[in-house]
Amino acid sequence: MARAKITSVRGVKDILPEESPRWQRVEALARETFARYGYSEIRVPIFERTELFARSIGEETDIVNKEMYTFDDKGGESLTLRPEATASMCRAYVQHALYSQPGVAKLFCIGPMFRYERPQAGRLRQFHQIDAEAFGSEDPSVDAEVIVMLADFLSAAGLKDLSLQVNNLGDAECRPAYSRALKEYLREAAQGLGPEVKERAGRNPLRFLDSKDPDHQAIIARAPTIDRYWNPACRAHLDAVCDRLKGAGIRYEVNPRLVRGLDYYCLTVFEVTSSHLGAQNAVCGGGRYDGLVEELGGPPTPAIGFAIGMERLLQLTGGDSGESAGPPAALDAFIVPLGGIAAAEAFALAGELRRGGLRVDLSFGGGSMKSQMRRAGRSGARFVLVLGDDEIAKGTVTLRDMRESRQEELPRAEILSKLSSGV
RNA sequence: GUGGGUGUAGCUCAGCGGUUAGAGCGCCGGGUUGUGGCCCCGGAGGUCGGGGGUUCAAAUCCCCUCACUCACCCCA
């Protein structure tokens, strides 16, 4: 009898009716908040040419090396499900010449991302991000505004116990010097570690600072930090950002060991973490990427943005257990037909009431009065409309108030106005 | 890709070598010729994740495998 069940793919989740209202609330809050800062929504495709991600995120990153969902379409072209949104937004910015519009282009995008990783707490293969990007200004005030908007949104979402860390990764002038110094230090310090670790430390030394391995912590703690290598411009940029943040009353911490996993970041980077999330504790990460737009064939365009992890954010609101909020949308009325003729009448009545703006459901499949009333009770509707032979003969409907356990018989023509007036 | 934990009803779990595998919740029906919730009664629902082995006998012990989960790498 039962055929083999087809289950969802590893690392992806259904968002069930009882939880989707929470998603909608968060998305609405993001739209409202970002609009107050002058941001407009852009919706970009969830797949792009593989080349786009390879070129923007960086050939040496884990995302490009091992985490992309890449496939050839029927025309033989290599496409990839987006692992992040920034690259697509830059592509769209260039493709549609949004740089020719005046001022800073402020865009946001909400949707699913895909990375082929082993799932764990707070990490899925399909996950969702709220992404905001500001193109066209290198003013540190824009950096600060982006962070203030983020903080505004997170606090409106009700998140507490968050930690905001800020750093400056340097520019084309001072970063290479730091990178060299760190590489040299690691060559010595990482002697006793495995070949794989040493190889990685040599190829991308900054990323080593991100390691959680307890054995690495001592090495990281003694490693040179970038703050000693900042040139005056970078230092001034960070100071200006911090100044604005202080002015806005934002609590933050400068962490000279904060790095990001994508190659395109420069200057300002930041991360928001929570202590209530487990190992994957970043709710949001972001930073400046002044070279990326040009790299993708656009004019030299400074830009900065961030990505918020929706699943992680939602895990921090309303508790993990999640109060089940009952039916998705409370019904105004539930119709119980008794008998075969009544079914057609009930169907028509439901239509009238719905066109009148009410939320109405009805009992399908017949059954005894008792079982249909049970359905009515569980529907959560305040009012039940009973439509049986008696009522049809008289042209009436029995209106029962489920909360008060009272009922009255009304002419059918009066039902809509009666319910619309809210009892 | 690597390591640990867990897989028994829709859900949460008990049973851990011995007749036909259980509970609570949920679901369906009945207790009222046309009235929900509370209560009472009844019912449906399980290849005990899958495969192999040990044994007179396996949900229970062993091996393999798959899934879920947590952690590493890395990131939202």
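The values are calculated or read from the model by the stated rules, or taken from the named source; none is laboratory data. Here the structure is a predicted model, which means the values were calculated and not measured. Ideal geometry is used to build each Cβ from the backbone, glycine not excepted, and the neighbour counts take in all protein chains shown.
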(message) So, in segment A:261-274, exactly how many residues are more than 10 Å from RNA strand B (Cβ to nearest atom) and either at pLDDT below 90 or charged (D, E, K, R) (or both)?
(response) 1
(request) Test residue A:85 against the criterion of being crowded, with 17+ Cβ neighbours inside 10 Å, over 21 Å from residue A:313 (Cα atoms) and of a type in the set (A, V, I, L, M, F, W, C), and give yes or no. (result) no
(message) List the residue pairs whose Cβ atoms are under 9 Å apart, where the first residue sits in segment A:399-413 and is more than 8 Å from RNA strand B (Cβ to nearest atom), the second is outside any helix (DSSP H, G or I) and acidic (Asp, Glu), and the two are 6 or more positions apart or on different chains.
(response) A:399/A:408; A:399/A:409; A:408/A:401
(request) Please verify whether segment A:125-141 includes one or more residues that are more than 28 Å from residue A:12 (Cα to Cα), at pLDDT 95 or above, part of a helix (DSSP H, G or I) and out of contact with any strand residue (DSSP E or B) (no Cβ under 7 Å at 6 or more places or on another chain). (result) yes
(request) Please indicate, with yes or no, whether at least one residue in segment A:241-257 is within 14 Å of RNA strand B (Cβ to nearest atom), in contact (Cβ under 8 Å) with a residue 60 or more places away in the chain and in contact with a helix residue (DSSP H, G or I) (Cβ under 8 Å, 6 or more places away or on another chain). (result) yes
(message) Please go through segment A:282-304 and give me each residue that is within 23 Å of residue A:242 (Cβ to Cβ) and in a loop (DSSP other than H, G, I, E, B), ordered by number.
(response) A:289, A:290, A:302
(message) Against the condition out of contact with any Phe, Trp or Tyr (no Cβ under 9 Å at 6 or more places or on another chain), surrounded by fewer than 17 Cβ atoms within 10 Å (Cβ to Cβ), in a helix (DSSP H, G or I) and at pLDDT below 95, how does residue A:218 come out, does it pass?
(response) yes
(request) Only one of these is aliphatic (A, V, I, L, M) and assigned by TED's automatic domain parsing to the domain that holds residue A:283: A:144, A:190, A:181. Name it. (result) A:144
